[in-house]
Structure formats: C-alpha cells, structure tokens
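This report concerns only the one structure given below.
The values are calculated or read from the model by the stated rules, or taken from the named source; none is laboratory data. The structure presented is a predicted model; accordingly, all values stated were derived computationally and were not measured. Every residue, glycine as well, gets a Cβ built from its backbone with ideal geometry; the counts of neighbours run over all protein chains shown. Quick note on the areas: whole protein, heavy atoms, side chains included, nothing else; ligands and nucleic acids left out. Shrake-Rupley method; radii C 1.70, N 1.55, O 1.52, S 1.80 Å.
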Number of protein chains: 2
Amino acid sequence: MSEEDIADLRRWHRQAVARSLEAGYDLVYVYAGHGLTTLQHFLSRRYNDRDDAYGGSLENRARLLREILEDTLDEVGGRAAVACRICVDELVGDRGLEREETEAVLALVGELPDVWDFMVGEWDFDSITSRFADEGAQEEYVRGLKQLTSKPVIGVGRFTSPDTMVRMVRDGVLDFIGAARPSIADPFLPKKIEEGRFAEIRECIGCNICVTCDSTITPVRCTQNPSMGEEWRRGWHPERIPPSTTDANVLVVGGGPAGLEAAQMLGKRGYAVVLAEQSEALGGRVVREARLPGLAAWIRVVDYRKGQIERLPNVEVALGSMVDAEEILSFNFGHVALATGSRWRTDGVGRWHTHPLDLRAVDVLTPDDVLAGARPAGEQVVLYDDDHYYLGGVLAELLATEGFAVTLVTPEARVSEWTVHTMEQHRIQRRLLEHGVEVQTSRALVGASEGVARTACVYTEREEELACDALLLVTARLPEDALAVELERALEGRAGPSLRLIGDAWSPGTIAAAVWDGRRYAEELDELPSSGDEPPFLREVVALAPLAARPR
Amino acid sequence: MSEEDIADLRRWHRQAVARSLEAGYDLVYVYAGHGLTTLQHFLSRRYNDRDDAYGGSLENRARLLREILEDTLDEVGGRAAVACRICVDELVGDRGLEREETEAVLALVGELPDVWDFMVGEWDFDSITSRFADEGAQEEYVRGLKQLTSKPVIGVGRFTSPDTMVRMVRDGVLDFIGAARPSIADPFLPKKIEEGRFAEIRECIGCNICVTCDSTITPVRCTQNPSMGEEWRRGWHPERIPPSTTDANVLVVGGGPAGLEAAQMLGKRGYAVVLAEQSEALGGRVVREARLPGLAAWIRVVDYRKGQIERLPNVEVALGSMVDAEEILSFNFGHVALATGSRWRTDGVGRWHTHPLDLRAVDVLTPDDVLAGARPAGEQVVLYDDDHYYLGGVLAELLATEGFAVTLVTPEARVSEWTVHTMEQHRIQRRLLEHGVEVQTSRALVGASEGVARTACVYTEREEELACDALLLVTARLPEDALAVELERALEGRAGPSLRLIGDAWSPGTIAAAVWDGRRYAEELDELPSSGDEPPFLREVVALAPLAARPR
C-alpha cells in the first residue's frame, strides 16, 4: 500500500462511519480482528514487512490503527460509541501477534475507543466447537487485559452459562459478555438471566451448524433454536407459537429430537399431546451420540425440551411404549406424527455407491451397533466413511482410544470433509492422526473377503487390500418407516387421523434438521394446507433499483 | 416417492409450466438431464429400484417422463414449444443410462416433444474444458439419434467453429447447435456467422472460468469476454464502447492479456494508442502457457485481440520495445498504462507460508524458468504447488511426460484443488497419477538441504524427507512494477501523464482477471474519477416485498 492507498483507506473508512451514523447505528466498530482486516495485517509481523513509518516497531505497526481510531472518533463526534475489536493472539507462534504485543498496543491506544472487544485466533478458534474446547476458552488469553485500560472490555468464548458469565465480570476479566452463538440458540438469553428464568435458557450446544450457512450459502440454522432464520420468512418466534385453532389431540411416536420438539411446541399451542417413546428414556439418537468423545454438550437438545415438556400438563409422556397401527387407531387421535428415526445402512450404499456391495465375508458393524455398545470382533477395524460429517471421525476416535487399530477410508480428500463448514475439519484430522488412526483418503470401499477389505482410488480405480477383522460402515441412513407403512395400510378405505413422518423418519439428516422438522409440523398443523402448491414462506424479491448512478 | 408424491410432482410441474407461460416464455423444457432431475433418476437403473409401474422395464422407468411430457403439452396447449432435454449416456457404466436405452426411450416418446435436446454425462462432461476434450466431444454419443425421431434435435459440445457447426447440420447429426460457453465468449456469435464476419468471432477457449462463478458464488466472468456479467452493472457491451471524449494519446506498456485488451478497447474508443511490447511477439504469458499440454486453445485470447488491433489504424504496435521512464516521459503521452505482468516467487511464500523459506541448498526453478525452456538439473523433481489452480498440475504433467520423476507436494487435500470449480480436478489428478506423478497432498514444503526437500503434514506438523534434485515452486507471483516505481519517482514534482498499473502488474491473477482489468482501464479512462469514493457500478437492491402471503 502506497501513501495514497493509505489515505484512500482512511477516507473510505470515514465515509463508512458517516453512512453508519446515517443508518442510525449507536455503536461503530474499528476492526482489527479475525485475521480479516488491513488493521490487523498492519499490526502483525506475519504480514507487515514495511520499512516506512507503518512498519518495523510496534508503534509503527499500530500507526494505522491509531489513525483510523482517531478518524472514527472525529467523524462520530460523540453521536455514537466507538468500539475496537482486536485479535489478542493470532495463535501462529513466530511472527504472529501475541499477548505481549497486544499489551503494548493497549499502552499506545488503550484510552482511544469507548470500549475494547477482544478475540483470539481466527474464526475457527473464536467460534471453536464444544467438541474441541470448553466454555470460556478465551479466558486465559484475555485475563488481565482489562487492567491495562480504563475503558470497559468485551470478550467472547461461547459463554452459555450465567454462572460463568457472572464469574467473568466478578473476577474482573470482562465487563461485557459477548455471546453470538448462545444468542442464536436463545435470543432471549439476557432477558431470561435478568428475570432469573435460568431453567428456561436454551443453551448453545457448540455444534456450529449456524456457522455452516456461511460457506454453504444456505439459510442459517440452529440445532437448539429452529426458529433461527425463519422469524421473517415463516413468522416463527423463538419463544412463542400461536394457539391451536382446533381441539384435536395428537400422538407423537418417537422421543428423539424431532418428536421432542413437535411435542413441546404442539403442547405450547394447547393441543392434547401424547409422546410415545419405545425406550425408557427421551432423546433418541442425541442421547447415544452425546456419550461419544467431545459431544457431551449435545445432550442439551434433550434436556431443554424435557424441561419444557414437564411444565406442560397437556403433554403426556409414555416411556417404554411400543405402539402398533391397530393400537394407534384405537385411540382416535386427530393427528399422528411419526418421529421414528432412522437406521444406518449395512450395504455400503452412500454418496459413492448407489447399489449394495457384497460384504458378507467380513464382520460388518454400523454406528447403530457401536452406539448400542457392540464392538468389533478383532483388532483391525476398517471404518468406511461415505457420510462425511462428524460421526465417522468421532467413531474412529472412540475405537482408537479403546485400542483398536483403525483405518479410516473415505472417498473424500479429507477426513470428515463436511466439517470444513463447521470449522472443525483440521482439528478432527489432526486428532485422529495423533491417536494413530491410519487415514486413507480419496479411496472407496469396493468389496471384502475373509480378513480383507478392498478399496479403490477414486481417481484411477486402482485397487488395494487392507487387513480387516471388521468393517464399520458410516455411509447413509434409511428412514424407520415401517410403522408408517403399517398405518397407511390399516387406514386404507377407513377414516382416521392425519399421518405425517417427521425428522429422520421422513428424511435422515442433521439433528438440527430433525428439530426444525418437528417445529415445522407443530407450526403448520391445522394451519397450512399440505398440498405444497403455495410456498409456505415469504421470499425476498430482488429489485433493480440503482443505488448509484452508472457511469455515462 | 409414493403415488401421492408422484401426483404432487406432476401437479407442481403443471403449475410451473403455467407460470412460465404467464412470464412470456416461448419454449418450455421438460428436463431429464445433467443428473439433476427426478425424471432422469426414474429413467436410470442407477437410482430407480422401484417395483411398481414406475420401475423395472424401460417402459416403466420412462412412465413419469411420458406423463410429464403429456402434462406439459396439455398445459401449454400450443402456446409455446415443448423441448425435452435428456441425458443420452450417464457415463457410469453398469446400471447407468446408456445409448441403447436412450434409443428405446425415443421409440417410446420420441414424437411427443416439439424438439429434443441431447446431452451426455453430468455437467463436468457436458461442459468439459479444452484441456480434456476437443470441440464437439459429444458427437460420438449423439450421432444417429436424430434419425429416431421426426422432431428436430439440439446438441452441445462447446461448438466454437462455424465449420464444425455446419458439418453437424449437413451430416444430419443435429438440427440446432447448442453453445452456451461459446455464447458467453461471444453473444454475437450467431449474428457474426449470419453476416459472414468469421474473423470477428471471439472464440471460447474452453477454460471454464465462467463455470467457477457457480460454486464460488461470484459474478460470472469470461476470459474472452470481459463484459460478461458487467452489461447491466457497468454498462459494458460485448462489442461496442463509447468514443473517447478527449484527444489524449495513450501508451500501453506490455502486450500480454491486459495490455492487449486495453490497447484494443482504447483504440475502439478512438484514442491514439501505442502498445509497446519488449519481446518480439504479442501475448505475454498466454503465448507461453498455450504451449503447455492441453492449453493450445488459450492462444485465442491473443489471436482475437491481435486481429482486432490490426484493423485499428490508431493503434501502433511496437515490438522489441524496451522503454524506460525518461523515454516514456519524453513522448508526452496523456496516459500511461503499465501492463508489465508478474513473476513467480522463488522463496516459497504462497498461501501456506507468509515468510521466505531457506531453500538455497537445492536447485530452485519457477514456472517462469520452465516456460522459458529451462529444465531441472537432475531427475528427481519436487513440484511444490501452493497456488492450487491449473499451473502446478500442468507443469507436473509436462515434466512427467518428459521423463522426470515428479513428486507433487501441496498443502491442499487435492491436486490443483481450485480446479474443483472448473470441474477439472478429478481429471487432473487422474492424469497425473496415470503419468506416474507421485502425489503428496496435505503437506507443506518446510525446507531443503543438499538433495533433500523437507515437508510437513499440515495437520500434525510431522516432517518427512524427499529425494530432490530440483524444486519447482508454484506458489505465488509478484507484480513486475519496477517501471512503475521508476516512473513515479521521475514524475515527482513534475507534470506528466496519468499512470496506472493494470492486469498482473497491478494484482497477479487469472488471465480472465487481467483481460477484465484491461477492459476496465479502457472503459473508465477520462470517464470515471479514480478516487474510489463512489462505487462504479449499479447494485441490486433486495426489497422485502412478499411474493406470497405468510401463514396466519
């Protein structure tokens, strides 16, 4: 950047500040964090190798930050507060910004902004998942910085528990609690704390499904808060739901994430609801998966909904309740929602293979088996991951820590490739390699014989053999829809309840998708025609009104 | 899909047809191609394992296609033509749609639509790059199908030459020529053929930069046609450009893609232009890269612009012309554009490393060296690709075919990872593996000593050594801006021409980006202030006007 470039940047930043004030903002950020901005790049020796007044000493590297802060304060002229967000430690070791330098930055410009906002690393650390870090993971980096400025300080680190938040403030670590993901999971988090409604907090599970919308260019979703992103489009509210306009009663079969959400929200609408769960515990796959390494926080999906349902006298929970079609029909429900879940395939069909493989010669397990407590018969386990989200990687970690010799084979080029979108991929592959898992990427399973799995390179189709006492197949799931088929048959030519499959039983997907589908069922029951002939949501319309005059 | 699902689909398709007519379309497509649609999935045994009237025999598998065709014809009622696009061969071998079945489909429903549109494989074959297939690559799959229906037929296959198009029609292969990418490169292609202006055709080079917008979610670009995607936003026209409003003369230094485009379009605006090129040929990096395996068609970027410039008496081309600052200033140009290109780095800095590696102990080459004819001193070549677009892969292919033992090392998980967006990645990695290139993905170069390159796993940082007689570094480029610096210095405190760096000399990028930047310079010269304070293009504004009523 030449001197003219720097002058341009400063002028453009002033113009942006002026526009922000015009748009009515109360707080204007000067941003030197997340590895994203010119201000951070000037601060860091990693990027700044200038030999002029903006390079070399920390004072020089902080010059642009100081100038932009001064410009911003001048432009704002007291009409808004000015915050500065800064990366405390770039976590790249040699040549990166480190705590010591950040302290020196605060000595230089610590009194300029009205509030400091600290963050650490890039987005993948700033928004690290619960699988890889506990709540408040940035405390160790930030503690003590507050004492270097008289201005209040903000910090983040997926704060989900009011106790931790209060401790941060009482201990003098932070003045303000920053909590983006927890506010996505529960936009009323501050209000519930204020009103002492702690048990009603819908606590973020730290899965980063919300983050995936960024790189998959899809509407934002939240495992805990299915109304996220649907507030305007569908009129869903994080807390409220319009009352039922009928007095129909509803049976929900299956107490996994879809069934729990449906029963809860139907209950809030005032329906008489029976939630029938065949096992002795609510939660379905979430209960089983939350026992896997790093996924303990996911149980909050169940805990929150159980807590809500307990307060609803019109929702009856029947555990240990196996129901068949005739029983269901005998009760005269107005509606039946089947949230019966899904099961993992045993035949190798997934993204790569559309037809079953012949795998009879080896011991074949699925995630369902392992989650139910089964383990491979021998030591050499080939885990074939053609699902690409978290489960293959988690199961490889589990078996490796239990002493199995695990080879993870996947047609993708990275372990758990889809977790690129949750920003976990590099941590997952590192952890597996460090646990001694043998990783074979870009290879598909093509067959098996006694003690041997055959794989092929996805580029050349060249085959190789692998020692294999047991195959663990993480490929794709099938809906558990036998009860639905049975019910449809029983209902032929006979009046009866409306039927609907929801969650994994309708379409196996993420836990977030199952919760969302449970909510959709509850929101739309008796309200929307199910023909699908009209889109059940609002759409943004792109208008071609020019914002600026075109040249010539 | 249940019978109700099929009824829904048919009804929704009818509704879509009705909306298309309401919107004024003249041609309505029934789509069974590109691996994308339910109609193709029903046709193909790869996906269809139904045991009802829609599965099993081809007649059954084609039932939904027949029904939707009949629905569409009925709904259209003669108010539009009905086309059917169909995948002739899924190219997946066993269980995929193949030519024989497509012939049988034509026997069943060949007379229903008004026109047939044939395609082959999925999008990556349908829009295969010139690196991997010649013009008209689908002819062998499509030839003879026309004879099975009385209706006219359309086909595709990157038809860029009028001779090939005419031959397709004369030989009875096709009635209509489908050409999406050639029409992106030159929207006036049909008009130019009609008027016999063959030499003026801006022929598609088959690089698939246009395709990359799809998965990178960016505005569409074309290497040959920089106005693509800028017609509305910036008011650029594929053929026309407004005349200059001044009588200034312009010097363009450098005859690569940016300089050629700038000189051409400045010439069309009426400026007196001198294009000074230091070598004896126009084209810059395009001339050198077009000699690499598979890239011959890229030379059209140069040929088209040379042809255009030859017709412009106000553009003077000076070959073998090395100019220095004082010479330039002595000629009193009103404007000087420096299109001096870029050079590849020799120090290992790229996406992974931000600071130079110590590589002095080995023979280091860059793409510039290899493109200039230099070759590694020994047999064992380590090619370190931290650029991730095509060049690393192409150079590995070149050296492997010349007999070098090439190991390609890259921190990405795939060879030429960015070519996922041009749909070439799997072909590139396959070709390299088949040529015996040793591929080491997810590893970064970290150092070198006599005869050895050291690499580290990007996940664990575990190091390994590789035999290495020579390192070929494909990492990043630096602008060739020495002349610009010299000119700026000479101009200090002295009146003189406006100066601007364009293309790779401003910001090393794709050939498409360099051509675009040359066009931008020509479009904006003397027209737009260069302050950057106002966006030089129109923006779409998202309005929140509902298209549909919200439930409740």
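The sole residue among B:THR354, B:THR366, B:THR407 that is open to solvent by 30 Å² or more (accessible area, probe 1.4 Å) and β-branched (Val, Ile, Thr) is B:THR354.
On the stretch given as segment A:411-428, residues that are in contact (Cβ under 8 Å) with a residue 24 or more places away in the chain, within 19 Å of the chain's Cα centre (by Cα) and at the interface with chain B (Cβ under 10 Å from one of its Cβ atoms) total 6.
Does A:LEU395 satisfy the criteria of being farther than 22 Å from A:TRP344 by Cα, touching a strand residue (DSSP E or B) at 6+ places or on another chain (Cβ under 9 Å) and either hydrophobic (A, V, I, L, M, F, W, C) or within 14 Å of chain B (Cβ to nearest Cβ) (or both)? Taking the combined requirement at face value, the residue does not satisfy it. For segment A:332-348, check the following and say yes or no: at least one residue is surrounded by fewer than 22 Cβ atoms within 10 Å (Cβ to Cβ), assigned to a loop (DSSP other than H, G, I, E, B) and touching a Cys at 6+ places or on another chain (Cβ under 9 Å). Scanning segment A:332-348 turns up no residue that is surrounded by fewer than 22 Cβ atoms within 10 Å (Cβ to Cβ), assigned to a loop (DSSP other than H, G, I, E, B) and touching a Cys at 6+ places or on another chain (Cβ under 9 Å). Among the residues of segment B:354-372, those identified as assigned to a loop (DSSP other than H, G, I, E, B) and more than 26 Å from the chain's Cα centre (by Cα) are B:THR354, B:HIS355, B:PRO356, B:LEU357, B:ASP358, B:LEU359, B:ARG360, B:ALA361, B:VAL362. Among the listed residues B:ARG351, B:ARG291, B:ARG375, which satisfies the condition of being over 25 Å from the mean Cα position of the chain (by Cα) and assigned to a loop (DSSP other than H, G, I, E, B)? Just one listed residue meets the conditions, B:ARG375. The set of residues from segment B:162-177 being in a loop (DSSP other than H, G, I, E, B) and surrounded by 15 or more Cβ atoms within 10 Å (Cβ to Cβ) comprises B:VAL173, B:LEU174, B:ASP175.
Taken over segment A:184-235, the criterion of being of a type in the set (A, V, I, L, M, F, W, C), within 23 Å of A:HIS421 (Cβ to Cβ) and in a loop (DSSP other than H, G, I, E, B) is satisfied by A:CYS204, A:ILE205, A:CYS207, A:ILE217, A:VAL220, A:CYS222, A:MET228. Scanning segment B:369-398 for residues being open to solvent by less than 30 Å² (accessible area, probe 1.4 Å), more than 18 Å from B:GLN425 (Cα to Cα) and touching a Lys or Arg at 6+ places or on another chain (Cβ under 8 Å) gives a total of 1. Looking at this structure, is A:ALA180 surrounded by fewer than 17 Cβ atoms within 10 Å (Cβ to Cβ) and within 18 Å of the chain's Cα centre (by Cα)? Yes: the conditions hold for A:ALA180.
Counting only strands (runs of 3 or more DSSP E) wholly contained in segment B:417-479, the ones carrying 1 or more residues that are of a type in the set (Gly, Ala, Ser) and touching a Pro at 6+ places or on another chain (Cβ under 7 Å) occupy B:443-449, B:470-474. Quick check on segment B:223-259: of everything there that is surrounded by fewer than 21 Cβ atoms within 10 Å (Cβ to Cβ) and on the phi > 0 side of the Ramachandran plot, which residue is nearest to the other protein chains (Cβ to nearest Cβ)? Result: B:GLY235. Screening B:GLY55 against (1) in a loop (DSSP other than H, G, I, E, B); (2) free of Cβ contacts under 8 Å to residues at least 40 places away in the same chain; (3) over 30 Å from A:HIS353 (Cα atoms) leaves a single unmet condition, (3). Restricting B:GLY518, B:GLY503 to those that are buried (at least 18 other Cβ atoms within 10 Å of the Cβ), away from chain A (no Cβ under 13 Å) and at positive phi reduces the list to B:GLY503.
Pairs linking a residue in segment A:99-122 that is closer than 18 Å to A:GLY136 by Cα to a residue that is crowded, with 16+ Cβ neighbours inside 10 Å and among the acidic types (Asp, Glu), with Cβ atoms under 6 Å and 6 or more positions apart or on different chains, are A:ARG99/A:ASP89; A:MET119/A:ASP126; A:VAL120/A:ASP89.
Taking segment A:472-487 as the range and being within 14 Å of chain B (Cβ to nearest Cβ) and charged (D, E, K, R) as the test, only A:ASP481 passes.
Going through (1) farther than 30 Å from A:TRP298 by Cα; (2) loosely packed, with under 14 Cβ neighbours inside 10 Å; (3) over 28 Å from the mean Cα position of the chain (by Cα) one by one, A:ALA482 falls short only on (1).
Regarding segment B:286-293, can at least one residue be identified that is under 23 Å from B:ALA522 (Cα atoms) and either in contact with a Pro (Cβ under 7 Å, 6 or more places away or on another chain) or at pLDDT below 95 (or both)? Yes, segment B:286-293 contains at least one residue that is under 23 Å from B:ALA522 (Cα atoms) and either in contact with a Pro (Cβ under 7 Å, 6 or more places away or on another chain) or at pLDDT below 95 (or both). A single entry from A:PHE132, A:PHE125, A:PHE159, A:PHE118 fulfils the requirement of being aromatic (Phe, Trp, Tyr), more than 24 Å from A:VAL17 (Cβ to Cβ) and either in contact with a strand residue (DSSP E or B) (Cβ under 8 Å, 6 or more places away or on another chain) or open to solvent by less than 10 Å² (accessible area, probe 1.4 Å) (or both): A:PHE159.
Applying a threshold of 7 Å to beta carbon distances and a minimum spacing of six or more residues, or different chains, the list of pairs starting in segment B:387-407 at a residue that is touching a residue at least 60 places away in the same chain (Cβ under 8 Å) and ending at one that is in a helix (DSSP H, G or I) and of a type outside the set (A, V, I, L, M, F, W, C) reads B:TYR389/B:THR419; B:TYR390/B:THR419; B:LEU391/B:PRO367; B:LEU395/B:PRO367; B:GLU397/B:ARG431. Give me the residue from segment B:429-471 that is buried (at least 21 other Cβ atoms within 10 Å of the Cβ) and more than 27 Å from B:THR216 (Cα to Cα) and, out of that set, farthest from the other protein chains (Cβ to nearest Cβ). Within segment B:429-471, the match that is farthest from the other protein chains (Cβ to nearest Cβ) is B:ALA470.
Filtering B:ALA80, B:ALA53, B:ALA62 for residues that are surrounded by fewer than 20 Cβ atoms within 10 Å (Cβ to Cβ), more than 19 Å from B:PHE176 (Cβ to Cβ), at pLDDT 95 or above and among the hydrophobic types (A, V, I, L, M, F, W, C) leaves a single hit, B:ALA53.
Each residue in segment B:2-50 was checked for being closer than 26 Å to A:HIS353 by Cβ, part of a loop (DSSP other than H, G, I, E, B) and open to solvent by less than 70 Å² (accessible area, probe 1.4 Å), and 9 of them qualify. Here is a check on your reading of the model: is B:VAL286 open to solvent by less than 40 Å² (accessible area, probe 1.4 Å) and within 14 Å of B:ILE309 (Cα to Cα)? The answer is no for B:VAL286. Looking only at residues in segment A:321-331 that are touching a residue at least 24 places away in the same chain (Cβ under 8 Å), out of contact with any Asp or Glu (no Cβ under 8 Å at 6 or more places or on another chain) and not β-branched (Val, Ile, Thr), which one is surrounded by the most Cβ atoms within 10 Å (Cβ to Cβ)? Taking the candidates together, the pick is A:LEU329.
B:ASP358 meets the conditions (1) closer than 30 Å to B:PRO226 by Cβ; (2) modelled with pLDDT under 95 in every case but one. The failed one is (1). Annotation note: Cβ proximity below 9 Å between a residue of segment A:334-352 that is of a type in the set (D, E, K, R) and a residue that is surrounded by fewer than 24 Cβ atoms within 10 Å (Cβ to Cβ) and not in a loop (DSSP other than H, G, I, E, B) (sequence gap 6+ or interchain) occurs for A:ARG343/A:ASP368; A:ARG343/A:ARG477; A:ARG343/A:LEU478; A:ARG343/A:PRO479; A:ARG345/A:ARG477; A:ARG345/A:LEU478; A:ASP347/A:VAL364.
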